Amino acid sequence: MTDTANTGTTQRRTALVTGGGSGIGRAIALRMAADGFATAVLDLNKEAAEAVAQEARKKGHEAMALGGVDVSDRAQVDAAVQEVRIAYGPVLVLVNNAGKTGFKEFLNITDDAWDTILAVNLSGPFYLCQATIPHMIEAGWGRIVNISSSSAHSGQQYMTHYVASKSGLIGLTKSLALEFGPKGITVNTIPPGFVDTPMLRGSEQRGLLGHSVEDIAKVTPVRRAGRPEDIAAACSFLVSEEAGYVTGQVIGVNGGRNT
Ligand code: NAP
């Protein structure tokens, strides 16, 4: 099979994007499919995952949905990765994007809230990496992109659990890059900042941003909010063949809000 994904080989490449049913993940999944990867769209929301896969297929791309899968459940993750392997072959590109936000004064964060955020944002990527890295080692080629958060650069009051989970994801990224670089696998992280998605609008509606998205855009250096496609474009580069010398890096895409 001729590979159309920008990878320079004739082997078909499969991408798995978590949280692919909405916002940034949706844009990444559509971009991976458009770039020529057979793309698996994993999301807790079954209908959303199916809708995105269908959208990609309508454009003539190869995509499947992994709906109703919770990244914080190792058994569900393992079963989903196996499903992709059977349908499309080994998963050689993994984008850990699914994430859960939280907003609470530190002293009021419950054990449950802490555990849930850490489970989705950090244990999820841990399970997915353990499930897919063996595929990449076998192929001698792999790409992992972890979607962290600009809040891990700066810290963010009332989001201690979220920021701690995303900072952990950056540490996971750097350590995996060192361990698996010799196997042809690159691991990088994109910390997005202020990207106009349902998650951001949800925070706006609950008054958690302090201002409207539009007002914040006016004081953002590039004078606009981020678009999910901005993150997808960076991701597209990081999973390409030509990014083979880029690993262990934190590639901020935030309109200049964090430098
Ligand atoms: P979003 O619109 O809320 O999309 C997140 C998607 O992930 C949703 O479809 C959600 O499904 C899914 N998801 C949540 N928990 C999951 C789980 N346990 N297993 C599988 N799927 C799950 O959010 P977004 O703004 O695109 O954010 C994407 C990523 O970027 C997140 O990791 C977020 O932390 C990070 N980020 C975003 C921004 C920003 O400005 N938007 C800034 C920094 C970092 P449900 O809707 O069913 O929950």
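The numbers here are math on the coordinates, done by the rules we state, and not lab data. Values in this document were obtained by computation on a predicted structure and should not be read as measured data. Here Cβ is always computed from backbone atoms with ideal geometry, including for glycine, and neighbour counts include all displayed protein chains.
Counting only C-alpha contacts under 8 Å and six or more residues apart, can you give the relative contact order of the chain as a whole percent?
19 percent.
Lysine pairs in the chain with alpha-carbon atoms under 17 Å apart, 8 or more places apart or on different chains: how many are there?
Lysine pairs meeting the criterion: 5.
What percentages, rounded to whole numbers, describe P(r) for the chain computed over all alpha carbon pairs with 5 Å bin width beginning at zero?
Taking every Cα pair in the chain, the percentages come to 1, 7, 14, 19, 21, 17, 12, 6, 3, 1, 0, 0.
Please check: in the Gaussian network model of the chain (C-alpha springs, under 10 Å), which one of Thr173, Thr110, Thr14 has the largest mean-square fluctuation.
Thr110
Do you know the relative contact order of the range 1-135, to the nearest whole percent, from alpha carbon pairs under 8 angstrom that are 6+ apart?
23 percent
Using only alpha carbon pairs under 8 Å that are at least six residues apart, calculate the relative contact order of the range 130-226 and give it in whole percent.
29 percent
With +1 on the Cβ of every Lys and Arg and -1 on the Cβ of every Asp and Glu, and nothing else charged, how large is the dipole of the chain about its Cα centre, in debye rounded to the nearest 20?
480 debye
In the range 15-88, which trypsin sites (Lys or Arg not before Pro) are in a loop and have at most 16 other Cβ atoms within 10 Å, using DSSP for the loop call?
Filter output for the range 15-88: Lys59.
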